[in-house]
1. Lys/Arg Cβ at +1, Asp/Glu Cβ at -1, dipole of the chain taken about the Cα centre: which of G194, I27, L178 is farthest positive-ward?
2. Name the residues of the stretch 46-75 whose amide N is less than 12 Å from a point 7 angstrom out from the Cα of L23 along the C-beta direction?
3. How would you order 76-87, 92-103, 162-173 from highest to lowest mean count of nearby Cβ atoms within 10 Å?
4. Compute and list, largest first, the equivalent-ellipsoid semi-axes of the stretch 6-97 from the alpha carbon gyration tensor, each √(5λ) rounded to a whole angstrom.
5. Assuming 0.36 nm per residue, please report the length gained on full extension of the stretch E323 to D45 beyond their Cα-Cα distance.
6. With unit charges on the beta carbons (Lys and Arg positive, Asp and Glu negative) and the dipole taken about the Cα centre of the chain, which residue among P124, T260, V208 sits farthest to the positive side?
7. To the nearest 0.05, how large is the calculated FRET efficiency for D169 and F92 if R₀ is 56 Å and r is the Cβ-Cβ distance?
8. Using only the Cα atoms of the chain, what semi-axes does the equivalent ellipsoid have when each is the square root of 5 times a gyration tensor eigenvalue? Give whole Å, largest first.
Amino acid sequence: MSNAKTVLLIGGVDAHVERFTALGVKIVLIQHPDKVTEYQTRAADVLLVVDYTEWDVVRPFAEAARAVYGVDAVVSLTEPGLNPASRLGDLFGLTDGHRYEVSRRMRDKWLMRRHLAERGLPVPHAALVEDRASLDAFGERAGFPFILKPVSTTAGFGLLRAEGPEDLDRVWARVRELDGGRTDRGSTMFTVDGFLMESYIDGPEFSVEALSFAGRHVVVAVTEKLTSEEHFVELGHAVPARLSDADRERLTGAVEEFLTSMGVTDGPSHTEIRLSSRGPVVIESHNRLGGDNIVELVEAAYGVDMIAYGAAWPLGLTEPLAEAPAPKGPP
């Protein structure tokens, strides 16, 4: 009789499966039909192919898997799987019962802004797009330029910048074109379900890569983002970011306060933040690993495999990081 632990893994890529395989755990993988790979078919002990983004579909399959195989943790390290994984963990009594609530706040940018504002943390002016007139009203209140973005997609999909009142017809036409449709980059598994307006945040952009252990946040790296203001495209990344010690402390302190306020207690996070003229302001955050090969850059610079921690920590198979790591070479 094997004493190996069992993980119910929701979605993900081959690298995620590889880390669980290295731990010697039983892998019950629920994967989306569009995302199954040959490696996953071989490596998973059990493979269930369903659209896990549909709760009424994934729940009975997950409950059946738990009844047959037993489940020690429900984990997802990919954006579309975060909400279903946290919801299942709460349902099965494997979490503190609030993971889904936290995950929803992290994924829904409007919920995030409201939550932070209620707790006195710095946020830009923000409002939901309701109709064409709401764009005019927001521009008058918040000024120009301002930003429009889908409430709950990722990878910068649908990000728009309204330059002035004369630009709002163009912006409104694009909002109507995208709203209700599917994303076509980053992940094709999301539907655009409304737009958020935010006042423009100036200053250089960074992301903070962190691991949380029972409410204690350890910043592993600060990533400098090389961006295009015209097209909002990330042209490259630098790890570690070229920052003074004082600015780095301002950024990491702001992110640690943010994660605590949002209720994040465990696992990896990727927080995009600008060092604006009024101080650090979080743009958005994710309770998952960063994309664009950031985890590979972090491992090369710091020797920390964030995917491995994301896999092992929920199963109790690793010790927490004691402190922020030092870079392996000169910055």
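The numbers here are math on the coordinates, done by the rules we state, and not lab data. Nothing here was measured: the structure is a model prediction, and the numbers come from that model. Backbone-built Cβ (ideal geometry, glycine too); neighbour counts: all protein chains shown.
1. Working it through, the farthest residue towards the positive pole turns out to be I27.
2. Counting backbone N atoms under 12 Å from the label point, the list is 72-75.
3. 76-87, 92-103, 162-173
4. For the stretch 6-97, the semi-axes come out at 18, 15, 12 Å.
5. Details: separation 278, 0.36 × 278 = 100.08 nm, distance 3.48 nm.
Value of the extension gain: 96.6 nm.
6. Final value for the positive-end residue is T260.
7. Plugging the Cβ-Cβ distance into 1/(1 + (r/R0)^6) gives 0.65.
8. Numbers: eigenvalues 228, 120, 60 Å².
The three semi-axes for the chain are 34, 24, 17 Å.
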